[in-house]
Amino acid sequence: MKLYQTEAIVLRALAVREADRVLVLLTREQGKLRVWAHGAARPASRKRGAVQPFCRSRFLLAQGREIDTVRQAEVLEDFAFLYADLKALGLAVYLCELAEGFAPEGQPNPGIYRLLLQVLRRLTGPRRDLLVRFFESSILALSGLRPELDVCAACAGRPAGPLRFSPRLGGLLCGACRARDPAAPACRPATVRVLGKMLDWPLNRVGRLRVDPVTARELATVLHACICYHLEREPKSLAFLRKLGE
Ligand SMILES: [Zn+2]
């Protein structure tokens, strides 16, 4: 049986039997991967710490016919601080759900790997609403779904008039084209500017963005519409976040 090593973030750990887990991993080298972790939840298991959600761990895996199996796992970064803050924990679950939804299977996307780590590390800090918007817009761009903001996505003209944002058409709709997607939410120029910066700026500059509450809400609505459209469903973890008022 062929053994190989990989570094990965645990996106999800599903309890299969009492002590067994199926892990959904985001690996650096081969994208998303599902693996078996036999006995990983046993109190005496040496793998136990390394298979917790959000952990960045080094795995030794054995190639299987259907699914690979965890032989050894060692924690590199445990993100234990997330478990002490319920909202941060809820947001971490949401980010991991998006990473699972957007990361390709068996194909590396080092950008998504780096993005998830960067944002998880900052989740207990200030302006985490903007941090999550940054994650949402970046994961779209890293998946080849960068929204079109420079021209109208329907007529390719300069965006003018009351603007909308159409996830289906992939970007802004000018006032004249709004009938092309009646469900498209409003997207004022202030929101377009912030979204543009989210897409072009590195994460450490995003904390310096000044965003008024109306623009913040509109940005959240536009990105939410985009995420739901591409995932073809609403992320499940949002129900929990709404209960927390986030
Ligand atoms: Zn147009």
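The values are calculated or read from the model by the stated rules, or taken from the named source; none is laboratory data. These numbers come from a predicted model, not from an experiment. All Cβ positions, even for glycine, are placed from backbone atoms using ideal geometry, and neighbour counts span all protein chains on display.
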| said: Suppose the filter is modelled with pLDDT of 95 or more and within 16 Å of the ligand (Cβ to nearest atom); does Gly171 pass it? | reply: yes
| request: For region 210-223, state whether one or more residues are of a type outside the set (Gly, Ala, Ser) and under 14 Å from the mean Cα position of the chain (by Cα). | output: yes
| task | Could you please give the count of residues in region 189-203 that are surrounded by fewer than 14 Cβ atoms within 10 Å (Cβ to Cβ) and charged (D, E, K, R)? | result | 1
| Given the residues Pro53, Pro43, which is the only one that is part of a loop (DSSP other than H, G, I, E, B), closer than 25 Å to Arg128 by Cα and outside the structural domain of Leu116 (by TED's automatic domain parsing)? | Pro53
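If you go through region 220-229 one residue at a time, do you hit one that is touching a strand residue (DSSP E or B) at 6+ places or on another chain (Cβ under 6 Å), away from the ligand (no atom under 16 Å from the Cβ) and of a type outside the set (S, T, N, Q)? Walk me through it before giving the result.
Of all residues in region 220-229, those touching a strand residue (DSSP E or B) at 6+ places or on another chain (Cβ under 6 Å) come to 222.
Now narrow it down to the ones that are away from the ligand (no atom under 16 Å from the Cβ): 222.
Next, from what is left, pick out any that are of a type outside the set (S, T, N, Q): 222.
Yes, region 220-229 has at least one match.
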| query | Got a number for residues in region 209-239 being out of contact with any Pro (no Cβ under 8 Å at 6 or more places or on another chain), hydrophobic (A, V, I, L, M, F, W, C) and either surrounded by 15 or more Cβ atoms within 10 Å (Cβ to Cβ) or outside the structural domain of Arg122 (by TED's automatic domain parsing) (or both)? | reply | 7
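Given Leu149, Leu163, which one is over 24 Å from the mean Cα position of the chain (by Cα) and either within 16 Å of the ligand (Cβ to nearest atom) or modelled with pLDDT of 95 or more (or both)? If you could, list the steps in order and put the result at the bottom.
Working: Leu149 fails: over 24 Å from the mean Cα position of the chain (by Cα).
Of the residues listed, the single one that is over 24 Å from the mean Cα position of the chain (by Cα) and either within 16 Å of the ligand (Cβ to nearest atom) or modelled with pLDDT of 95 or more (or both) is Leu163.
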| Among the residues of region 113-148 satisfying the criterion of being buried (at least 18 other Cβ atoms within 10 Å of the Cβ) and touching a strand residue (DSSP E or B) at 6+ places or on another chain (Cβ under 7 Å), which is farthest from Asp78 (Cα to Cα)? | Pro147
| Does Leu219 fit the bill of being in a helix (DSSP H, G or I) and at pLDDT 95 or above? | yes
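Would you mind stating whether Pro235 is at pLDDT below 95 and not in a strand (DSSP E or B)?
Considered against the rule, which asks whether it is at pLDDT below 95 and not in a strand (DSSP E or B), Pro235 comes out as no.
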| field | Close pairs from region 160-174: first under 21 Å from Gly144 (Cβ atoms), partner assigned to a loop (DSSP other than H, G, I, E, B) and acidic (Asp, Glu), Cβ under 6 Å, at least 6 apart | value | Ser166/Asp181; Arg168/Asp181; Leu169/Asp181
| message | Suppose we filter region 43-66 for residues that are within 16 Å of Val22 (Cβ to Cβ), under 24 Å from the mean Cα position of the chain (by Cα) and among the hydrophobic types (A, V, I, L, M, F, W, C); how many remain? | response | 4
| field | Residues of region 205-227 satisfying the condition of being farther than 13 Å from Val132 by Cα, without any contact (Cβ under 8 Å) to a residue 40 or more places away in the chain and not aliphatic (A, V, I, L, M) | value | Arg205, Arg208, Arg210, Asp212, Pro213, Thr215, Glu218
| query | Which of the residues that make up region 149-177 are surrounded by fewer than 21 Cβ atoms within 10 Å (Cβ to Cβ) and over 21 Å from His230 (Cβ atoms)? | reply | Cys155, Ala156, Gly157, Arg158, Ala160, Gly161, Pro162, Gly175, Ala176
